[in-house]
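Nothing in this text is a laboratory measurement; each read-out follows from the coordinates by a stated rule. In this text, all values refer to a predicted model and were calculated from it rather than measured experimentally. Cβ coordinates were reconstructed from backbone atoms using ideal geometry, including for glycine residues, and neighbour counts include every protein chain displayed.
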Amino acid sequence: MEYVNSKDFKFENTIVTFGKFDGFHAGHQKILEMMKSYKKEGMKTVIFSFSKQPKEVLNGKEEYTILSNEEKHLLHEKTGVDVLIEYPFDKKFAQMNAKNFVEKVIFGQLKAKYIICGEDFHFGKNRSGDVNFLKEMGKEYGFEVVALEKEKYDNIAISSSRIRQSLAKGDFETVNNLLGYTYFMAGKVIHGKQLGRKLGFPTMNLEPDEGKLIPPDGVYITKGWLGDKCYESITNIGTKGKILNDGRVYSEEEAKQKVVETFLLDANKDVYGETVKIEFYHFLRPEKAFSSADELIAEVNKNIEETRVFFQKNLNIN
């Protein structure tokens, strides 16, 4: 896949779709499959997205996303799409009206032959351009518009906002059905204080992207991927808290830090610095404090057994 992170690009004979593609959910995947079905020799399939979330630029507030950029790229690579444009969205671009966007970008820079989009697609300043406007412009500039109905789950349209709502509840059965794949977090394993190792449960510490929307605090049934090897696992999301460490405790500042810790059930290896992918399947329990190391160990052993039973009952989970 070719990546473009610039306003300066030029393509010919393209099949294009537009959007933030946050979550890369089942509706997005439907659009990409349609794009590929229209491809002929000499044509390029193009995703036109943004380097920053538009609301973040316009409102000056950080916009949390279902996928980090790194995670989004991992999924894009598997699509077979030729080009991903991450256009540098700024306030000047936000003022471009729908007609100018068609003239300068769709026709001028992309030379689009087909636009594949959702039936509710809007673009241009104040979202003034819609599918009907785009079809009229297509007659003038020589491109065809294919507008798809929203993909649905439980008779309700799939959307990034609906996924965020389910994610905020830790409802991964719904999240994963909406996404069309298993929600995951990816990143490098960082050094912790090795408290889990001392208790007999060596954990991997994953530092989530600052802008990534992560599940609520608690313990989850997960799978951990190291390269092409997969392990059943348990993942804890929460703050470090004041955990006993040979009579020492975390500092007040450290205790407030968010941490994602994963224990691989059948692996015991040093993976510091390696990239890991953690897939989430089921909320197991809320995060809680323990009065002693023995109490914590007993709870972890219980969670291990619950995890093994879960995957035994759900053998169809890949």
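Using R0 = 22 Å, the C-beta based FRET efficiency linking D294 and N314 works out to 0.10. The dipole here belongs to the chain: it is taken about the Cα centre, uses +1 on the Cβ of Lys and Arg and -1 on the Cβ of Asp and Glu, and is about 640 debye. The C-alpha atoms of the chain define a longest principal axis, and helix 293-313 lies at about 50 degrees to it. Taking the C-alpha atoms only, the angle from helix 131-141 to the longest principal axis of the chain is near 50 degrees.
Seen from A98, the other residues with C-beta closer than 12 Å to its C-beta sum to a net charge of +1, counting Lys and Arg as +1 and Asp and Glu as -1.
Springs between Cα atoms under 10 Å define the GNM used for the chain, and in it the highest mean-square fluctuation of G224, G170, G124 occurs at G124. Angle of helix 26-37 to the longest C-alpha principal axis of the chain, folded into 0 to 90 degrees and rounded to 10: 50°. Remark on region 1-81: hydrodynamic radius 13.9 angstrom, per the Kirkwood mean of 1/r across alpha carbon pairs.
Which of K55/K313; K10/K169; K61/K188; K36/K169 have a Cα-Cα distance over 32 Å? From K55/K313; K10/K169; K61/K188; K36/K169, over 32 Å: K55/K313; K10/K169; K36/K169. If you wrap the tightest convex hull around every Cα atom of the chain and split its volume per residue, you get 149 Å³. Please name whichever of L84, F143, G129 sits farthest to the positive end of the charge dipole of region 81-204, dipole taken about the Cα centre and charges placed at Cβ: Lys and Arg +1, Asp and Glu -1. The residue sitting most towards the positive pole is L84. A Förster distance of 41 Å, applied to the separation of the beta-carbon atoms of D120 and S6, puts the FRET efficiency at 0.90.
Pairwise Cα separations in region 7-156 fall into 10 Å bins from 0 onward with the following percentages, short to long: 10, 41, 39, 9, 0. When each of the peptides 150-159, 213-222 is scored by how many other beta carbons lie within 10 Å of its residues on average, the order from highest to lowest is 213-222, 150-159. Any idea what the relative contact order of the chain is, in percent, if you count C-alpha pairs under 8 Å spaced at least 6 apart? Once divided by the residue count of the chain, the mean separation gives 16 percent. Applying both filters, DSSP loop and at most 14 other Cβ atoms within 10 Å, to the GluC sites (Glu not before Pro) of region 27-110 gives E41, E62, E77.
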